[in-house]
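As structure tokens, the structure follows; a few thoughts come after it.
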Amino acid sequence: MTDRPSTTALIVAAGSGSRAGGALPKQYAMVAGKPLVAHAYAAFAGHPAVDEVVVVIAAGAEALAADALGAVRTVVGGATRRESVARGLAAVTGERVLVHDAARPFVPAAVIDRVLAALDSADAAMPVLAVADTLVRDGAVVPRDGLARVQTPQGFRVDALRAAHAGWPAGDEATDDAQMVRRLGGSVALVQGDAMLDKVTHPDDFAAAEARVTRETRSASGFDVHRLEAGEELWLGGVLIPHDKGLSGHSDADVGLHALTDALLGTIAAGDIGTHFPPSDPQWKGADSAQFLQHAATLIADKGGRIDFVDLTLICEAPKIGPHREAMRARIGALLGLSEDRVSIKATTTERLGFTGRGEGIAAQAVATVSLPR
């Protein structure tokens, strides 16, 4: 048991997000592999001082919210931000509330801590950042002393915020809730904000948001072998190559794409190709190995990952790989969404030693490098 005040996080995601462009409202657009709103939800849901998270959504956005967040508690907002907060506030049961804009996807736990700590001695608290740039109005420089950029989450004692909304003049609008509390005589504490909380508003902001994600680099290898047999087609690196023999296997037996698939799966510790496409399953008989490679790429993308580079080595006496190298690079690049300078293909022999040297089969080894959000 704890004697700390109970806290609800209220994520305001009811806007149209039209300034960001795109087919979806920006709060449901993807950043680092997740919808914008899902990042903020995870930050609050995972914080030990937050007891409940409520998401305020637009009317008719229930399906979008469910796809982005799953089964979470939602409230339908109003025509303005103030109305949306008021409706969300009516659903709050805690003693304290954190009001946050979904357009600020990355919420450092330390900021939540500072905001909640400030509520011990104030009615409201908001994170701010000092203004670093020179400001002008009508060409004249405006002194920066005393100016700050206001961020969310803003924290409130629930009774103080409810009183501010109840007493707010009809027809007036507010850009944030702390100004409402202050205008009605409440105390507002300022705490240190964080550049991670910068808002996503315009299309260019999405690239900046992606860049703020802390990433780690992972590499993994893959290896595959298939037997050469007469009467089979020879697929290598996604390209059909004329040859008197082809590779035998349950699918099209493309050792190059199989090795690359295993390398990509390895970067996210997702097993191997047989885990996802068992050779005992008849649906994969004769299957195009391109779908295996793209499946692995999709799993990485679903985790917010990015494929940075792939390297494939084909080991055989024949056929000669050189004449087909650029076609393979182009095909693999197209399958993975990579420019060709991020796809390396090499070939070697075993100096006529072993099964590849005797022309009995072809082997392939691959290495993939990806970056993933931490």
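The values are calculated or read from the model by the stated rules, or taken from the named source; none is laboratory data. Values in this document were obtained by computation on a predicted structure and should not be read as measured data. Glycine also receives a Cβ, built like all others from the backbone with ideal geometry; neighbour counts cover every protein chain displayed.
Spot the failing condition for LYS199; the list is (1) assigned to a loop (DSSP other than H, G, I, E, B); (2) not polar (S, T, N, Q); (3) not assigned by TED's automatic domain parsing to the domain that holds ASP113, and only one is missed.
(3)
Report, ordered by the first and then the second residue, all pairs with beta carbons closer than 7 Å, sequence separation of six or more or different chains, a first member in segment 286-299 that is closer than 13 Å to VAL239 by Cβ, and a second member that is surrounded by 17 or more Cβ atoms within 10 Å (Cβ to Cβ) and among the charged types (D, E, K, R).
ASP288/ASP252; SER289/ASP252; SER289/ASP254
If a residue must be small (Gly, Ala, Ser) and farther than 19 Å from PRO127 by Cβ, how many such residues does segment 158-176 contain?
Qualifying residue count for the region: 5.
Which of (1) crowded, with 20+ Cβ neighbours inside 10 Å; (2) under 19 Å from PHE223 (Cα atoms); (3) of a type outside the set (Asp, Glu) does HIS324 not meet, given it meets every other one?
Going through (1) crowded, with 20+ Cβ neighbours inside 10 Å; (2) under 19 Å from PHE223 (Cα atoms); (3) of a type outside the set (Asp, Glu) one by one, HIS324 breaks only (2).
Among residues belonging to segment 42-58 that are β-branched (Val, Ile, Thr) and part of a strand (DSSP E or B), point out the one that is surrounded by the most Cβ atoms within 10 Å (Cβ to Cβ).
Out of the qualifying residues, it is ILE57.
Whether any residue in segment 143-164 is free of Cβ contacts under 8 Å to residues at least 60 places away in the same chain, part of a loop (DSSP other than H, G, I, E, B) and of a type in the set (S, T, N, Q) is what I want to check.
yes
Determine whether ALA86 is part of a helix (DSSP H, G or I) and in contact (Cβ under 8 Å) with a residue 24 or more places away in the chain.
So ALA86 fits the description; yes.
From the list LEU161, LEU129, pick out the single residue that is hydrophobic (A, V, I, L, M, F, W, C) and either under 27 Å from the mean Cα position of the chain (by Cα) or not assigned by TED's automatic domain parsing to the domain that holds LYS26 (or both).
LEU129
So is VAL99 at pLDDT 95 or above, under 24 Å from ASP302 (Cβ atoms) and not in a helix (DSSP H, G or I) or not?
no
Can you work out which of the residues in segment 340-364 that are within 30 Å of LYS303 (Cβ to Cβ) and touching a helix residue (DSSP H, G or I) at 6+ places or on another chain (Cβ under 6 Å) is surrounded by the most Cβ atoms within 10 Å (Cβ to Cβ)?
The selected residue is ALA364.
Among the residues of segment 330-350, which ones are touching an Asp or Glu at 6+ places or on another chain (Cβ under 9 Å), charged (D, E, K, R) and either closer than 15 Å to ILE307 by Cα or without any contact (Cβ under 8 Å) to a residue 24 or more places away in the chain (or both)?
Selection gives GLU340, ARG342.
Output the residue which, of all residues in segment 154-201 that are of a type in the set (Asp, Glu) and farther than 20 Å from ALA102 by Cβ, is surrounded by the most Cβ atoms within 10 Å (Cβ to Cβ).
Here the answer is ASP159.
Could you grab me the full set of residues in segment 202-241 that are part of a loop (DSSP other than H, G, I, E, B), touching a residue at least 24 places away in the same chain (Cβ under 8 Å) and surrounded by fewer than 14 Cβ atoms within 10 Å (Cβ to Cβ)?
Those that are part of a loop (DSSP other than H, G, I, E, B), touching a residue at least 24 places away in the same chain (Cβ under 8 Å) and surrounded by fewer than 14 Cβ atoms within 10 Å (Cβ to Cβ): HIS202, THR214.
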